[in-house]
Every structure is written in structure tokens, then in C-alpha cells.
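The values are calculated or read from the model by the stated rules, or taken from the named source; none is laboratory data. The structure presented is a predicted model; accordingly, all values stated were derived computationally and were not measured. Every residue, glycine as well, gets a Cβ built from its backbone with ideal geometry; the counts of neighbours run over all protein chains shown. Surface areas here come from the heavy atoms of the whole protein model, side chains and all, with no ligands, DNA or RNA. Shrake-Rupley method; radii C 1.70, N 1.55, O 1.52, S 1.80 Å.
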Amino acid sequence: MITEINQREVLDTAEKNKIKPDTILKNFWRDNRHFADLFNAVFFNGEQVLKPQDLTEADTDVSSMLKFNGHAETVQKILDVVKKTAYGVDFVLWGLENQAKIHYAMPLRHMVGDAFSYMKEYDEIAAVNKKNGDFHSADEFLSGFKKTDRLHPVISLCVYYGESEWDGPFSLKDMLEIPEKIEPLVSDYHMNLVQVRSSGGLCFSDPDVNMVFDVSRLIYARDYTKINEVYRDHNIPADLGLVIGAITESQKLIDHALELEQKGGQINMCNALEELRQEGVEEGRKEGIRATVRTCRNFNISETDTVRNIMNEFSLSQEEAVNYVKKYW
């Protein structure tokens, strides 16, 4: 039974211990059903190519040592979620990376991550070959890699949760300044990217994944009317509310979901909708105050007059106005 004191402790936890959205999203995608459904929707038009029961957790640390002309440097690279699936006797590594902001070097990051995954398997194969002494030529011995050895495919996906449309590069060549004559000579690397904000055409089968993408997309569009029409009779699990809050960066929704998760309850979408609406109103109000303070500062209006201006315009007390001026001046 949850007592009033316990409820207060839950709220304090939500307020004081800000759970990182990245942690929430990693936990969500570690579920094999969620992971498989995402990759099937993005790569196979919803066809159930990846089966949840075939997926196993794989090591996310693909850090490696780079050696060049006698110089060696350790480079750390840890992926968010990695799964391995069997195809007969072979396997494929499926790597997922969560991204909340636009990263203008993302294709390079993904290329390095994939390369390190291949390097890690190469090192493992070379170590076994060296231990067994199973070489058929001097070239194999020097390579540590036999003529018949093969690496396994690595397929990486970046899930971009940002509200703004991705305007960064989609491939390595997008990052390069290449003279026209040598462009055909330059090897390219295309990264796989899915944007939550424009994911309406994806065919999800898992209801949890579909709801997370759909509600997040509608929140970005500020289409609260449609959310209310579609989900007003839905009580969604608190853990899904946590994921939606993480994607849309809604701390109120995260706090609310944490409170209800402790109680074993579910989120009523009507109540959550009102919280999101109020949060949006409050954020808009803060942005208005911030813009007013900066405008006053740029026009050399005194702090005293700025306080008076925002008191009148936003119906604030003097203490509140002073705090905002100190914060944004």
C-alpha cells in the first residue's frame, strides 16, 4: 500500500533525481520486441524479418586501438544497444544509437562504430588463428586472417528524436569538399537514420512502439486535438509515458510517469494531455520573458526598467521579475 509519505518520496525522487532520457530510451530498445519491430519497420517495410526470439544481447563496447606508423592510440566507442541475430550458422550485428540533437558528424561516427565492430571481430578471429597456428601460407600468418575467414555484417541505425528536421549530412560524402574530377574515386559511407518527427509512413506491428512514435509525433506537431481524439479512452502504461516524456523532453510527463510507475498505475491521456499543454504554455511564457529581457539589454534599458517591463507584461511579482532578469540578463 502506498502511503502519503511514500507518494511524497516518489515525487521527490522525480524532482531531484532527473533520470537521463538516454537511459530511458536504452532500456526501452533493449526489449527484443521493441528492437525487432523498429528495424523491421525501417528496413523491411514492416515485414517480420527480425524475430524477437532470435535476438540476443551483444557487447556494446567496440573500443579499439588504432595503430599507424608506430603510433598507437586507444579510441573508445560504446554503442547504445546492440543485438545479435542468427542467420543459419552466421549472425548479423544490429546496432542502435539514440540521438536527441543534430550531430553534423554523425555519418563519420557511425562509420567509425561499424569499423570498430569489424575490427573487434577481426582481432578475435586473428587471436584464435594464432593460438591454433592454423595458417596455410606466410600471407595468412602475417595477416592473422585466413583466405577463407569472413567477418559478419554490421547494420547500424540512428534514431533521431529531435523536434527540428534533420538538416545534417546523411553520408560521408556529404561531409567532404570533393573536386568534381576525383569524386568517383572517393569511397562513401551512408548511414541509416530514422526521424521520429517524420515517421508516419513506417509500418509498426508492436503497439507499444507504434504508440510511442505516434504520440511523440503528434506532440511535436502540437496536435493535441488529435491526441485527444485517438487516445482519450486509452490508459497507457507508465513506462510508455516515461519513454514519450524522454523523447519529447517533457520533464512533467517523466515525473508523472515515475510517480504512477511506483504505484503500478497507468497514465490517463486526458490528464497527460493537459499537463503537456500547460507545459507548452509555460515554456512559451518563459521564452517570451527571455526575449523581452534580451531585447531590453540590447537597447541599453536599465535592469530596473526591465524588471518593471516584464512585471507589467507578464503579470509577475517584483521578486519573480528580478529573478528572471538575473537569470537571462
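The phi torsions of region 124-132, fed into the Karplus equation with coefficients 6.51, -1.76 and 1.60 and a -60° offset, translate into couplings of 5, 5, 4, 5, 5, 4, 5, 5, 7 Hz, rounded to whole numbers, with Gly and Pro shown as x. Solvent-accessible surface of protein heavy atoms, probed at 1.4 angstrom with all chains present, puts His190, His152 in the order His190, His152, largest first. Solvent-accessible area of region 143-265 (1.4 angstrom probe, protein heavy atoms only): carbon and sulfur portion equals 47 percent.
Based on Cα contacts under 8 Å between residues 6+ apart, region 94-152 shows a relative contact order of 29 percent. Pairs of Lys residues in region 98-218 that lie 8 or more places apart, or on two chains, and have C-alpha atoms under 30 angstrom apart add up to 12. For region 154-251, the alpha carbon convex hull comes to 145 Å³ per residue, rounded to a whole number. In terms of the mean number of neighbouring beta-carbon atoms within 10 Å, the peptides 292-302, 25-35, 95-105 order highest first as 25-35, 95-105, 292-302.
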